[in-house]
Amino acid sequence: MNRDTSRLWCVLPAAAALIAFANTMPGDFVYDDVVLIERSQELKDFDLRRIFLQNYWGPERTDRNYRPLTLLSYALNYRLSEKPGPFHAVNVVLNAAVAVLAYLVLLELLRDAAIAALGATIFTVLPVHVEAVANIVGRAELLAALAIFGAWFCALKS
């Protein structure tokens, strides 16, 4: 199988990711989304200093979660729209990107495009991913998966 054909196989896991989670896009802000996004003055003000220096859950919390890139992605999303739909859409697209990277890693490991596409598709639609995609605050997990699969792919290519 040539390179162009093997690259086309990435459409299968990406499409599966988009189709499986498209129904999350009309969703509302729920649970932690309300606290972290809908009520966040830092995001509304696009306060980069507070986004990069404060706790993920806000200044009033004492735990030490630090996720500035996730907060920055919410702030950028907020600049586009205050409605939850675009936030959900970004999560769905990020999930599709994770699916493509999973495919690329499997392709490097297995050297079989069809099996890599099947594996990445199954991985992508596993029920364990619902919370990460459907809840906007799951974006941290999606960004972490992108980083891990991206690093893994780069390591395999070097």
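The values are calculated or read from the model by the stated rules, or taken from the named source; none is laboratory data. Fair warning: this is a prediction, and the values are worked out from it, not measured in the lab. Cβ coordinates were reconstructed from backbone atoms using ideal geometry, including for glycine residues, and neighbour counts include every protein chain displayed. Heavy atoms of the whole protein, side chains included, go into the accessibility calculation; ligands, DNA and RNA do not. Shrake-Rupley method; radii C 1.70, N 1.55, O 1.52, S 1.80 Å.
I'm checking my understanding of the structure. Among residues of the range 1-35 that are in a helix (DSSP H, G or I) and polar (S, T, N, Q), which one is most open to solvent (accessible area, probe 1.4 Å)?
First, the residues of the range 1-35 that are in a helix (DSSP H, G or I): 3-8, 11-24, 32-35.
Retained after the next criterion (residues that are polar (S, T, N, Q)): 5-6, 23-24.
Working: 5: 55, 6: 17, 23: 120, 24: 20 Å².
Ranking the candidates gives 23 first.
Among the candidates 101, 72, which residue alone is under 25 Å from residue 31 (Cβ atoms), out of contact with any strand residue (DSSP E or B) (no Cβ under 9 Å at 6 or more places or on another chain) and open to solvent by less than 50 Å² (accessible area, probe 1.4 Å)? Can you show your working first?
Details: 101 fails: under 25 Å from residue 31 (Cβ atoms).
Being under 25 Å from residue 31 (Cβ atoms), out of contact with any strand residue (DSSP E or B) (no Cβ under 9 Å at 6 or more places or on another chain) and open to solvent by less than 50 Å² (accessible area, probe 1.4 Å) holds for just one of 101, 72, which is 72.
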> Taking the range 108-119 only, how many residues are of a type in the set (A, V, I, L, M) and open to solvent by 30 Å² or more (accessible area, probe 1.4 Å)?
Replying inline: 5
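Check whether at least one residue in the range 128-141 is of a type outside the set (D, E, K, R), under 28 Å from residue 6 (Cβ atoms) and at pLDDT 95 or above, and report yes or no. Explain how you work it out, then say what you get.
Filtering the range 128-141 down to residues of a type outside the set (D, E, K, R) leaves 128-130, 132-138, 140.
With under 28 Å from residue 6 (Cβ atoms) added as a condition, the list becomes 128-129, 132-133.
Of the ones still in play, those that are also at pLDDT 95 or above are none.
No, because not a single residue in the range 128-141 is of a type outside the set (D, E, K, R), under 28 Å from residue 6 (Cβ atoms) and at pLDDT 95 or above.
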> Considering only residues of the range 36-64 that are of a type in the set (A, V, I, L, M) and open to solvent by 50 Å² or more (accessible area, probe 1.4 Å), which is modelled with the lowest pLDDT?
Replying inline: 53
>> For residue 96, only one of the following conditions fails: (1) among the aliphatic types (A, V, I, L, M); (2) out of contact with any Phe, Trp or Tyr (no Cβ under 7 Å at 6 or more places or on another chain); (3) open to solvent by 20 Å² or more (accessible area, probe 1.4 Å). What is its number?
In response: (3)
